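The block underneath contains the structure these notes are about, expressed in structure tokens.
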Amino acid sequence: MNELYNPAPDDRFTFGLWTVGNPGADPFGGPVRPRISPTDIVRGLAKAGAYGVNLHDNDLVPFGSSAADQDRIVGEFMDVVQDCGLRVPMATTNLFSHPVFRDGAFTSSDPKVRAFAVRKAKRAIDMGVEMGAETIVFWGGREGVETDAARDCRDAISWYRECLDFLAAWTLDQGYSLRFALEAKPNEPRGDMYLATTGHMLHFIDTLDHADMVGVNPEVAHENMPGLSMVHAVAQAMEVNKLFHIDLNAQKIGRYDQDLRFGSEDVKGAFFLVRLLEGTCGRPAYTGPLHFDAHAYRTEDIDGVWDFASGCMRTYKILAAKAAAFDADKEVQEILAANHADPDRIGALLKDYTPESLETLEALDLDPEALAAQGHRYERLDQLAMEHLFGVR
Ligand code: DIG
Ligand code: MN
Ligand code: MN
């Protein structure tokens, strides 16, 4: 195997305990492989070349544990994390497994459930800070409905906002320097989930009291499930400096959330996503953790799980190398330069409305027929991308 693409901690790859720890159960069958303990997951990730490990509170500390038990469990876990030289960059709260959340957590119509959810998130944030987490992800797994008869969606969104505003204010009150990252998903496990895409989340964030500390955690599968582009979701988040975390995996369009090995389905989509994140085209790169929120096929044994983890990381590195080669390709550069040419600086004209810019705009000699006749050579440009991906360029 080409060792050039072997992962190392500097690559910033992370996995959640629930990813390589997934025992392979699905709605139609039970576990197929033994559960790997959290400490063995840490040892395995370190051996595989990962940078860090993430977790939901209850991935490590069973629901309802006493404070003393939590301290012991966290202490033992962090001893191994530190011995293995890993980090815990992100923590999150399980607000979806316990039946108390069956009609939502932050959007439950029952204020007692919302209060319980906020209290549970507070404790998970404290635990995350204890482990060194810098980002707290919120994935509202149960925030949605099977029937809109249940509640007015406007109430649900306002309750979601109240809970996040409360937690953000409390976080600041503790003096924690944390960032929140909201993760969207259109459906599953709920029939329809509130704030279904990263775009919905970006608008919602602007309505929060402490919007500056809140960003997004887009996931490939969650944008692809409804047939949307992950590249465009991530680019929109980057454009407003709100890409605080990212969940990398793969997905076949129009199916349940498959959480497949990164790059194993839409290869060109993964290529353009890695190009965007790495900034090989000369734009600012994403510098946060590269988190794989994915799991191995149910067919796999434990060895197959580690093949899965290696595949996620190697594919990212291979695509990063191909993206760099694509943007260094002279023919690619020529086609892009020709398409973006602006010798008369007309682009600058539209950046600032002034009487002068308006006068210049009106005086421009713009021939729509001539403009319409121009080709863009995107067929050749995309073929070049494909030939880099095929390894023949
Ligand atoms: C599902 O895509 C969610 C949960 O696995 C977790 O809360 C979050 C963080 O990766 N993704
Ligand atoms: Mn998913
Ligand atoms: Mn996710």
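The values are calculated or read from the model by the stated rules, or taken from the named source; none is laboratory data. Note that this is a predicted model, so its numbers are computed, not measured. So basically every Cβ, Gly included, is an ideal-geometry build from the backbone, and we count neighbours across all protein chains shown.
For segment 255-351, please list each of the helices (runs of 4 or more DSSP H) lying entirely inside it that holds at least 1 residues being touching a Pro at 6+ places or on another chain (Cβ under 7 Å), in the same structural domain as ALA237 (by TED's automatic domain parsing) and away from ligand 2 (no atom under 16 Å from the Cβ). So that I can check it myself, show each step before the final result.
Details: elements: 267-278, 302-328, 330-339, 346-349.
Output list reads 302-328.
If the Cβ limit is 7 Å and pairs must be 6+ apart or interchain, which residue in segment 83-99 that is closer than 18 Å to ARG179 by Cα pairs with which residue that is part of a loop (DSSP other than H, G, I, E, B) and within 16 Å of ligand 2 (Cβ to nearest atom)?
Pairs that qualify, where the first residue is closer than 18 Å to ARG179 by Cα and the partner is part of a loop (DSSP other than H, G, I, E, B) and within 16 Å of ligand 2 (Cβ to nearest atom), are MET90/HIS245.
Regarding segment 231-247, can at least one residue be identified that is within 16 Å of ligand 3 (Cβ to nearest atom), surrounded by fewer than 24 Cβ atoms within 10 Å (Cβ to Cβ), at pLDDT 95 or above and over 13 Å from the mean Cα position of the chain (by Cα)?
no
I'm checking my understanding of the structure. Among residues of segment 209-229 that are in a loop (DSSP other than H, G, I, E, B) and in contact with a helix residue (DSSP H, G or I) (Cβ under 6 Å, 6 or more places away or on another chain), which one is nearest to GLU143 (Cα to Cα)?
PRO218
Just give me the residues in segment 248-257 being within 22 Å of SER310 (Cβ to Cβ) and within 12 Å of ligand 3 (Cβ to nearest atom), in sequence order.
Correct list: LEU248, ASN249, GLN251.
Need the failing condition index for HIS232 against (1) assigned to a loop (DSSP other than H, G, I, E, B); (2) closer than 20 Å to LEU319 by Cβ, just the number.
(1)
Quick grid of which residues meet (1) closer than 22 Å to LEU86 by Cβ; (2) hydrophobic (A, V, I, L, M, F, W, C); (3) in contact with a strand residue (DSSP E or B) (Cβ under 9 Å, 6 or more places away or on another chain); (4) touching a residue at least 40 places away in the same chain (Cβ under 8 Å):
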position: PRO7; (1), (2), (3), (4): yes, no, yes, yes
position: ASP26; (1), (2), (3), (4): no, no, no, yes
position: GLY30; (1), (2), (3), (4): no, no, no, no
position: THR39; (1), (2), (3), (4): yes, no, no, yes
